[in-house]
Every structure is written in C-alpha cells, then in structure tokens.
Ligand SMILES: Nc1ncnc2c1ncn2[C@@H]1O[C@H](COP(=O)(O)OP(=O)(O)OP(=O)(O)O)[C@@H](O)[C@H]1O
Ligand SMILES: [Mg+2]
C-alpha cells in the first residue's frame with residue numbers, strides 16, 4: 001500500500017537517519033537526536049537536509065530547547081503559519097513518531113486526553129488494564145515520546161484542565177485501577193492554537209503557565225513567501241505524482257503578490273490602498289491555489305502554468321463571503337491589476353472566472 005500522505009518520519013526517514021548517524025552532541029533522555037540536530041532537520045543545511053520550516057532560526061531553537069525542559073510547547077499564530085507542520089516535524093525528529101495526536105474540537109471529551117474503556121471488556125471483566133483504552137497522551141507518557149494536541153483553545157476549558165496534572169505532576173492517575181501512569185523521560189506535549197480562535201476557549205492561566213508560547217509569524221517578505229510556496233508546491237506535486245510542469249516562479253509570485261496586497265490592504269509599491277476581503281489568504285491557501293493550478297496546467301492545459309490556471313483558484317480563495325467579497329475583489333481587479341505591466345492575461349482570466 002502507498003499512503004496518500006506518509007508521516008514526516010516516513011517521508012524523511014533517510015534525512016533523520018543521516019542526521020542521527022553523525023550526531024555526536026548530547027541527546028536529552030529519550031530523544032532520537034540532539035537539539036542541534038533537530039533544528040538542522042527543521043531548517044535544512046547546505047548538503048542533504050531539506051528545509052522544512054522557512055523562518056527565524058531562533059524561534060526553532062527556543063521551541064526545541066523548551067521541549068528539553070519540563071515545560072510544554074504552545075505554537076500560536078494566525079491560520080497557515082505552519083503550526084501543525086512544525087509540530088509534526090518536531091515530533092518526528094525528537095521521538096521518531098508524529099502520530100500521537102489529539103485533534104481538539106468543541107466536542108473533545110476528557111477520554112481523548114486521558115483514557116477510555118473498551119466497554120465490552122469492561123462489562124465482562126470489570127476494570128482491568130486490558131479493558132483500558134489509552135489516549136495518545138497516555139501512550140506518549142508510557143513510551144517517553146511527544147504527544148501533539150491540535151487546536152487546544154477549541155477544547156472546552158474543563159477538558160483542557162485535565163492537562164494540568166499531566167504537565168505539572170507528569171503522571172496520569174487511573175482511580176478505577178487504583179494506579180497511575182507515570183511519564184517516562186522524553187515525554188512532552190506540543191499544542192497548537194489559532195490566533196483567530198482566541199477567546200473561544202481561552203487557556204486557563206493555570207494551564208498557560210505550564211506552556212512556553214511561541215508565536216509563528218507570517219512570512220516576513222514576499223521573497224520568503226514565494227520561497228515557501230515554491231518549495232511546498234514542488235514537494236506536494238511530487239508526492240501527488242502530478243505530471244511534471246516547469247517551475248513557474250512568475251505565477252507563484254503573482255499569487256503571493258495578490259494575497260499579500262489584499263491581506264495588508266496596501267499595494268506592494270505602497271501607493272494604493274485596497275480593501276481586504278473576509279478570508280485569511282494564508283500561505284497555506286497560496287500553496288493550494290498553485291498546486292491546483294499545476295494540476296489544471298498538467299491535465300487540461302499545455303503543461304505550462306499560465307495565469308489562467310491560477311486565476312480561478314485565486315478568485316475562489318478571495319471570495320469567501322458572497323455578499324461583500326465580490327465587490328472588494330472587483331475593485332482590486334479594476335484599480336490595481338488592470339493597469340499593471342505583464343498582468344493583462346491574468347486580468348482577463350480573473351475577470352472571466
Ligand atoms: N514558514 C513556513 N515554512 C514552511 N512551510 C510553511 C511556512 N508557512 C506555511 N507553510 C506551509 O503552509 C502549509 C500549512 O501549514 P499548517 O497547516 O501547519 O498551518 P497552521 O498554522 O497549522 O494553520 P491552521 O491555523 O489553519 O491550522 C504547510 O504545508 C506548510 O508547509
Ligand atoms: Mg493547524
């Protein structure tokens with residue numbers, strides 16, 4: 001079977017093995033790599049290791065150093081700033097396993113963080129170790145690995161608070177069995193939370209004190225964002241086995257320019273104010289617009305990414321609210337795109353889309 005989306009530790013197994021084989025720095029207990037090697041894995045080097053995260057090195061150093069202490073790590077940021085992506089790669093590099101994952105939602109029950117029961121066994125045999133169903137967090141405690149909690153602030157506060165004992169005492173009591181699971185060295189938690197959801201379920205201050213928070217920024221410049229999109233699109237295209245299309249930096253730059261201008265409310269040259277639409281227009285969305293364009297060009301076009309291949313995707317990403325966004329978009333098209341050198345084909349395609 002070929003997995004549609006292999007886990008980071010599968011996809012980058014060779015890089016992780018190469019790093020481990022030359023890594024002679026001290027490794028925290030239970031870690032597969034030294035903190036230094038984990039950061040190299042994330043940011044890449046000049047040789048074999050490909051960059052996964054593009055952004056400030058210092059942030060990744062602080063994140064990795066945090067995980068080597070008794071504090072947990074909270075990655076915070078607006079949508080599409082690679083919070084999930086970074087947490088997956090951190091878990092893969094540190095523990096060799098990124099699969100111990102709790103997806104936080106408004107309906108996440110306590111069992112998803114502590115443990116549940118196999119009810120058939122529970123009724124037949126009463127509470128026993130065999131009838132207990134461990135959560136990903138409990139498994140991480142037992143094996144001394146990293147557990148990931150996605151979208152922590154969407155989880156109801158009383159359920160969030162089950163993490164307090166786990167993080168401060170490093171133990172998970174199982175009163176039904178009059179026992180507990182003590183965390184093995186190497187255990188820690190990486191949580192992610194979205195800036196936009198803040199206020200839905202604030203982290204209690206008791207829990208917040210147990211996390212070091214790192215805010216992942218949006219890409220600092222257009223060049224950096226183009227670089228991120230180009231890399232990720234190439235990786236995605238390869239893993240989806242899309243037919244080869246020549247690298248199309250011009251179209252990628254166009255998508256990034258439109259997204260950045262609409263996001264910031266100002267054109268690149270700083271001369272014209274534009275209105276921002278309701279959607280987030282994140283880097284993640286730019287990646288999917290270009291990937292879709294690639295599939296269009298490969299299967300229905302002439303094998304070259306053209307303005308028309310990205311136009312429909314851009315319009316779809318910009319127009320999220322059918323009542324206000326079309327006005328914003330049309331105004332942007334007419335006042336900014338129409339007059340711009342080299343943008344005529346895109347203007348036409350976008351107008352018709
Ligand atoms: N600075 C960056 N470096 C590398 N990849 C990035 C960067 N920013 C965004 N990406 C890419 O954007 C995509 C989306 O990232 P991810 O899903 O991790 O975002 P997120 O912050 O978890 O968003 P959400 O809040 O919507 O969950 C990933 O494919 C990731 O590779
Ligand atoms: Mg995410």
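The values are calculated or read from the model by the stated rules, or taken from the named source; none is laboratory data. These numbers were taken from a predicted model, which means no experiment stands behind them. So basically every Cβ, Gly included, is an ideal-geometry build from the backbone, and we count neighbours across all protein chains shown.
Return yes or no: is residue 65 within 16 Å of ligand 1 (Cβ to nearest atom) and part of a helix (DSSP H, G or I)?
Values: within 16 Å of ligand 1 (Cβ to nearest atom): no; part of a helix (DSSP H, G or I): yes.
Taking the combined requirement at face value, the residue does not satisfy it.
Answer yes or no as to whether residue 91 is surrounded by 23 or more Cβ atoms within 10 Å (Cβ to Cβ), more than 14 Å from residue 189 (Cβ to Cβ), within 14 Å of ligand 1 (Cβ to nearest atom) and at pLDDT 95 or above. Give the derivation first.
Values: surrounded by 23 or more Cβ atoms within 10 Å (Cβ to Cβ): yes; more than 14 Å from residue 189 (Cβ to Cβ): no; within 14 Å of ligand 1 (Cβ to nearest atom): yes; at pLDDT 95 or above: yes.
No; evaluated as a whole, the condition is false for this residue.
Could we say that residue 302 is assigned to a helix (DSSP H, G or I) and on the phi < 0 side of the Ramachandran plot here? Reasoning before the result, please.
On the way: assigned to a helix (DSSP H, G or I): no; on the phi < 0 side of the Ramachandran plot: yes.
Judged against the criteria, residue 302 is not a match.
What's the number of the only condition in (1) surrounded by fewer than 18 Cβ atoms within 10 Å (Cβ to Cβ); (2) within 19 Å of the chain's Cα centre (by Cα); (3) on the phi < 0 side of the Ramachandran plot that residue 73 fails to meet?
Residue 73 satisfies every listed condition except (1).
Determine, yes or no, whether residue 293 is more than 24 Å from residue 56 (Cα to Cα) and surrounded by fewer than 19 Cβ atoms within 10 Å (Cβ to Cβ). Show your work before the answer.
Numbers: more than 24 Å from residue 56 (Cα to Cα): yes; surrounded by fewer than 19 Cβ atoms within 10 Å (Cβ to Cβ): no.
For residue 293, the condition - more than 24 Å from residue 56 (Cα to Cα) and surrounded by fewer than 19 Cβ atoms within 10 Å (Cβ to Cβ) - is not met.
Rundown of residues vs (1) within 16 Å of ligand 2 (Cβ to nearest atom); (2) surrounded by 15 or more Cβ atoms within 10 Å (Cβ to Cβ), yes/no style:
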| position | (1), (2) |
| --- | --- |
| 156 | no, yes |
| 159 | no, yes |
| 169 | no, no |
| 172 | no, yes |
| 182 | no, no |
| 193 | yes, yes |
| 207 | no, yes |
| 211 | no, yes |
| 226 | no, yes |
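Select, from 82, 91, the only residue that is within 16 Å of ligand 2 (Cβ to nearest atom) and at positive phi.
Values: 91 fails: at positive phi.
Within the list 82, 91, the selection yields 82.
So if I check each of 272, 257, 278, which one is under 29 Å from the mean Cα position of the chain (by Cα), at pLDDT below 95 and assigned by TED's automatic domain parsing to the domain that holds residue 237? Don't jump to the end; show me each part of the working.
Values: 272 fails: under 29 Å from the mean Cα position of the chain (by Cα); 257 fails: at pLDDT below 95.
Going through 272, 257, 278 in turn, just one is under 29 Å from the mean Cα position of the chain (by Cα), at pLDDT below 95 and assigned by TED's automatic domain parsing to the domain that holds residue 237: 278.
Taking the stretch 15-43 on its own, how many of its residues are farther than 13 Å from residue 96 by Cβ and within 23 Å of the chain's Cα centre (by Cα)?
So the count comes out to 7.
Somewhere in the stretch 110-117, is a residue within 27 Å of residue 196 (Cβ to Cβ), within 16 Å of ligand 1 (Cβ to nearest atom) and buried (at least 16 other Cβ atoms within 10 Å of the Cβ)? Reasoning before the result, please.
If we filter the stretch 110-117 for residues that are within 27 Å of residue 196 (Cβ to Cβ), which is where we start, we get 110, 112-113.
From the residues that got through so far, the ones that are within 16 Å of ligand 1 (Cβ to nearest atom) too are none.
There is no residue in the stretch 110-117 that is within 27 Å of residue 196 (Cβ to Cβ), within 16 Å of ligand 1 (Cβ to nearest atom) and buried (at least 16 other Cβ atoms within 10 Å of the Cβ).
Out of 77, 96, 116, 104, I need the residue that is within 13 Å of ligand 2 (Cβ to nearest atom) and within 30 Å of residue 131 (Cβ to Cβ). Which one?
Values: 77 fails: within 30 Å of residue 131 (Cβ to Cβ); 96 fails: within 13 Å of ligand 2 (Cβ to nearest atom); 116 fails: within 13 Å of ligand 2 (Cβ to nearest atom).
Among 77, 96, 116, 104, only 104 is within 13 Å of ligand 2 (Cβ to nearest atom) and within 30 Å of residue 131 (Cβ to Cβ).
Of the numbered conditions (1) out of contact with any helix residue (DSSP H, G or I) (no Cβ under 6 Å at 6 or more places or on another chain); (2) within 12 Å of ligand 1 (Cβ to nearest atom), residue 230 satisfies every one except a single condition; which is it?
(1)
Looking for something in contact (Cβ under 8 Å) with a residue 40 or more places away in the chain and farther than 23 Å from residue 233 by Cβ - is there at least one such residue anywhere in the stretch 287-302? Don't jump to the end; show me each part of the working.
Here is the first cut: in the stretch 287-302, the residues in contact (Cβ under 8 Å) with a residue 40 or more places away in the chain are 287, 290-291, 293-295, 297-299.
Filter again for farther than 23 Å from residue 233 by Cβ, leaving none.
Looking through the stretch 287-302, none of the residues is in contact (Cβ under 8 Å) with a residue 40 or more places away in the chain and farther than 23 Å from residue 233 by Cβ.
Test of understanding: among 145, 153, 192, which residue is modelled with pLDDT of 95 or more and within 16 Å of ligand 1 (Cβ to nearest atom)? Outline the logic, then answer.
Details: 145 fails: within 16 Å of ligand 1 (Cβ to nearest atom); 153 fails: modelled with pLDDT of 95 or more.
Step by step, each of 145, 153, 192 is checked, and only 192 is modelled with pLDDT of 95 or more and within 16 Å of ligand 1 (Cβ to nearest atom).
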